[in-house]
Amino acid sequence: MEQFTLKKNACYQAEILSVTGEGFGICRINGMVVFVPQTLTGELCDVKIVKVLSRYAYGIATLFHRTSPERIQPECPVYRQCGGCCFRHLSYREELRIKEAMVQEAFKRIGGISFPPEPILGSERISGYRNKAQYPVGSDGKSIIYGFYANRSHRIIPCQDCALQPPVFSDIARYTADQMQRLGVLPYSEKTGRGELRHLYLRMGEATGEIMLCFVASHDISKKLCSLIPELVEHFPKIKSIVLNLNLRRDNVILGKDCKTLWGKDTISDILCGLQFHISPLSFYQVNRLQAERLYQLAREYASLGGSETVIDLYCGVGTIGLSMAGQCRRLIGVEIVPEAVENAKENAVRNGITNAEFICADAKAAVKELEKRGTRPDVVLLDPPRKGCDSAVIDDVTTMQPGKIVMISCNPSTAARDCRLFEERGYRVSRYRAVDLFPRTGHVETVVLMSRVEGK
């Protein structure tokens, strides 16, 4: 078919052929791929072109001639403006189908994995599951506003009742913002660098009910907050920690490195996989606790430990994944480059009476050299890399140790597939993989992969 250049603001009728992992419907108009948000496979609609690039374009649906049976009415009033959710207009069944297909397509196209994944593990809860909220704070010219950033921008969309957060977060944020206004606390402006309060940051231990309220500020506002703290604690008795985080940066990084406890404990606690963990403002902790337990259970199933193995947990953080398996192996060795996380991991081991775990503060290469000196060879390596995936040097380091199994948990299907291909080039074969939905209604999905060493390679 001959391709014609699309015109901005022109309208065309098109059928949606598929949906991306970011919630964009895909259609073809005059031979060009057009991405249309909040549309579903099989829908026929009028598409207004809003942006034209050299190889593809973006449009918006202005009129539907045929809708999908999977379409539902979004219950969130700011869904179309807020960048938090991209799947709120479709059934959860269809969301899971899209996410599973996204993982399978990435593993086939990028990783060369021809067989399909095991059925996606959906979340038992699709609302109120998040144990962490970070509300950017700004001004509408008259008063303090808070909410979430619009998609691909730093424009705040006011939102007082997010369906992904527990109701108590909304109550605390609403009350706190009102009091900040009363106390004359100035919201921070990214454009000018002026103001005081940048974010309201909430964390909760779901099993314990403990809540941490953290004020992220551009400078020390503790004197202004002194009169507010007794009121907060009285209104919300589940608050057990109130912290001031100082962020002096002029970029979009949310948290600074310095924390000051204004009231209560330095940390809150939670129970995950039967173990107690202490959570600080800077600690990594999965936002969907119940689904994280199922994720770790799947990783344990893939590891298939019998009690005699040595397990190395790379990128171990505060030790949640490895410590959840410590009772099924002979020895656990965690590796993490962040000193504070290593100390937290050691404390978590002691707190839970785990005596067969040690933690090394080093990068992967240095840890491999140290373990080689000891004559230590792992039977299983656990990998939970950042979104960018594993560095090729880390993959070389892991394969140098020649573990029998590698279990990888990834939050990015594309980099996971790429890393699997690199591992296969070094003598490993993917035998199982499965998507796990920790973030319902959003475009994010986790994948657990089991790779086994091929003898003779």
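Equivalent-ellipsoid semi-axes for the range 226-289 (Cα gyration tensor, √(5λ), whole Å, largest first): 22, 20, 10.
Charges were assigned to the Cβ only: +1 to each Lys and Arg, -1 to each Asp and Glu. The resulting dipole of the chain about its Cα centre is roughly 900 debye.
In this rough spin-label picture, where each label sits 7 Å from Cα along the Cβ direction, the Ser431-Ala362 distance is 2.9 nm. From the alpha carbon centroid of the range 420-457 to that of the range 102-159 is 22 Å. For a straight C-alpha distance cut-off of 30 angstrom, the lysines reachable from Lys238 (same-chain residues fewer than eight places away being disregarded) are Lys132, Lys223, Lys224, Lys257, Lys260, Lys265, Lys346. Of the solvent-accessible surface of the range 1-148, computed with a 1.4 Å probe and all protein chains present, 52% belongs to carbon and sulfur.
Using a ≥ b ≥ c from the Cα gyration tensor of the range 2-127 (square roots of the eigenvalues), is it rounded, prolate or oblate, where a/c under 1.5 gives rounded and otherwise the larger of a/b and b/c decides, a/b for prolate? Since a/c reaches 1.5 but b/c is at least a/b, the shape of the range 2-127 is classed as oblate.
How would you classify the range 154-300 from its alpha-carbon gyration tensor, with a ≥ b ≥ c the square roots of the eigenvalues: rounded for a/c under 1.5, else prolate if a/b is greater than b/c, otherwise oblate? Prolate shape, in that a/c is at least 1.5 and a/b is the bigger ratio. Multiplying each eigenvalue of the alpha-carbon gyration tensor of the range 312-457 by 5 and taking the square root yields semi-axes of 23, 20, 14 Å, largest first, rounded to whole angstroms.
The P(r) of the range 320-377 has a tail past 16 Å containing 42 percent of all C-alpha pairs. May I ask for the percentage of alpha-carbon pairs in the chain that lie more than 31 Å from each other? Summing the P(r) tail past 31 Å for the chain gives 50 percent. Hydrodynamic radius of the range 86-153 by the Kirkwood approach over all distinct alpha-carbon pairs: 15.6 Å.
Estimated at the nearest 10 Å², the accessible area of Val50 is 60 Å² with a 1.4 Å probe. Projected label points at Phe64 and Arg155, each 7 Å from Cα along the beta carbon direction, are separated by 2.4 nanometres. Translational diffusion of the range 241-369, estimated by Stokes-Einstein from the Kirkwood radius over alpha carbon pairs at 20 °C in a medium of 1.002 mPa s, is 135 µm² per second.
The values are calculated or read from the model by the stated rules, or taken from the named source; none is laboratory data. This structure is a prediction, so every number in the text was calculated from the model and none was measured. Using ideal geometry, Cβ is built from the backbone for each residue, glycine included, and neighbour counts are taken over all protein chains shown. Accessible surface is based on the protein model in full, side chains and every heavy atom, while ligands, DNA and RNA are left aside. Shrake-Rupley method; radii C 1.70, N 1.55, O 1.52, S 1.80 Å.
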